[in-house]
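Working notes, structure below.
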Amino acid sequence: MIGALVALTSLNLTAVLINDYGVIGKTFPITNATVTTPIVVTSPNHNVPLGRVVHGIVSGVTGTVEANGLWILTPLDANTFSLTTLTAQGIVVDSVGVNAYISGGLIQCAFPEYSILLGRRNLQLAAAVSSPRIVFIPTSGRAWDFEPYGGAAPSIVAAEYPAVRGSLEQQSMTLQPQLATEFPTFEVWIHGCATDYGAAAPDPDYKDFDAVQALAFALYSVLFDETGGLPRAKVLREDWPSQKSNSGTMTQRGQVWMGIIEFQAPVAKIPKQFAPIGVIGEITVEPINPGSTDPIVITIEQHDGP
């Protein structure tokens, strides 16, 4: 589904930006972690509004070391977050506390607004307030195609970096049950400024353009991992709205890139973002013995090996 796709992309891009680019939008200290399911970490006066979530990396926790990692952090009140993640199919999975907290810990997020944003209303916010900002907007594109989706996406682990692409067998297997192929298409807006992300430039304007382009490259590298390097995401068109004659560049901070990105996704009876790895289908046949009313169910499983 759209929400799962954007959330997984946001999580994995957060890891890339922090680990590879050194981009840290905000940092929250941790003073406690619970031995519960899910784990609840304490970060006094974090100021994240209820109803928002933070896509961030927890590190440096001793004792409850299982709290360290890439997480969706949901504020429970003004001082605490619960830790969850997503499977490749967009299913929420709780963290599990095992060991008693001893000390330390930080939450780092790459985006000042905590994650990739979804929906056109987020473009109405002042772009000068925060950078980097990435906004996904579902828009018009190709409609559903009744030609089946050609295979399964790899076994992505959202809370692991880098993403696991899976075997060639996993990447080529057929998804069942499945109705058709959908082509979700997004306007993707990237706002960035100032930081050169490792590419030295002699002029602030050069740095702004290089920074935004670097963010676009980082985003597409994440999409490459999420689709296993297969042609299931493509940029149909790109543009620089910040350079339009009516863009108001005299007062603009940084630069803006916009791309039209199309994905391939399965249309399934039970909505999911990517094809599952493991049990891929069931076949029900008529009973063999005359007079029996119980059908025979054969389960087909996908294995990594021969």
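Name the residues in the stretch 51-90 that are touching a Lys or Arg at 6+ places or on another chain (Cβ under 8 Å) and either outside any strand (DSSP E or B) or outside the structural domain of residue 36 (by TED's automatic domain parsing) (or both), would you?
Those that are touching a Lys or Arg at 6+ places or on another chain (Cβ under 8 Å) and either outside any strand (DSSP E or B) or outside the structural domain of residue 36 (by TED's automatic domain parsing) (or both): 89, 90.
Mind checking which residues of the stretch 12-24 are crowded, with 21+ Cβ neighbours inside 10 Å and either closer than 11 Å to residue 107 by Cβ or touching a Gly at 6+ places or on another chain (Cβ under 8 Å) (or both)?
14
Give me the residue from the stretch 25-45 that is touching a Leu at 6+ places or on another chain (Cβ under 9 Å) and not aliphatic (A, V, I, L, M) and, out of that set, nearest to residue 64 (Cα to Cα). I'd like the intermediate steps shown before the answer.
First, pick out the residues of the stretch 25-45 that are touching a Leu at 6+ places or on another chain (Cβ under 9 Å): 25, 27-30, 33, 38-41, 43.
With not aliphatic (A, V, I, L, M) added as a condition, the list becomes 25, 27-29, 38, 43.
On the way: 25: 25, 27: 19, 28: 17, 29: 15, 38: 12, 43: 15 Å.
So the residue we want is 38.
Among 219, 230, 215, 223, which is assigned to a helix (DSSP H, G or I) and modelled with pLDDT under 85? Write out each step before concluding.
Values: 219 fails: modelled with pLDDT under 85; 230 fails: assigned to a helix (DSSP H, G or I); 215 fails: modelled with pLDDT under 85.
One residue alone meets the criteria, 223.
With the requirement that a residue be small (Gly, Ala, Ser) and surrounded by 20 or more Cβ atoms within 10 Å (Cβ to Cβ), what does the stretch 80-126 give you? Lay out the reasoning, then the answer.
Looking only at the stretch 80-126, we keep the residues that are small (Gly, Ala, Ser), and these are 82, 88, 90, 95, 97, 100, 103-105, 110, 115, 119, 126.
The answer is 82, 88, 95, 97, 105, 110, 115.
Limited to the stretch 58-79, what total is found for residues that are more than 16 Å from residue 101 (Cβ to Cβ), of a type in the set (Ser, Thr, Tyr) and surrounded by fewer than 19 Cβ atoms within 10 Å (Cβ to Cβ)?
Going through the stretch 58-79 one residue at a time, the tally reaches 0.
The values are calculated or read from the model by the stated rules, or taken from the named source; none is laboratory data. Bear in mind the structure is a predicted one, so any value in this text is a computation, not a measurement. Every residue, glycine among them, receives a Cβ derived from its backbone with ideal geometry; neighbour counts consider all protein chains shown.
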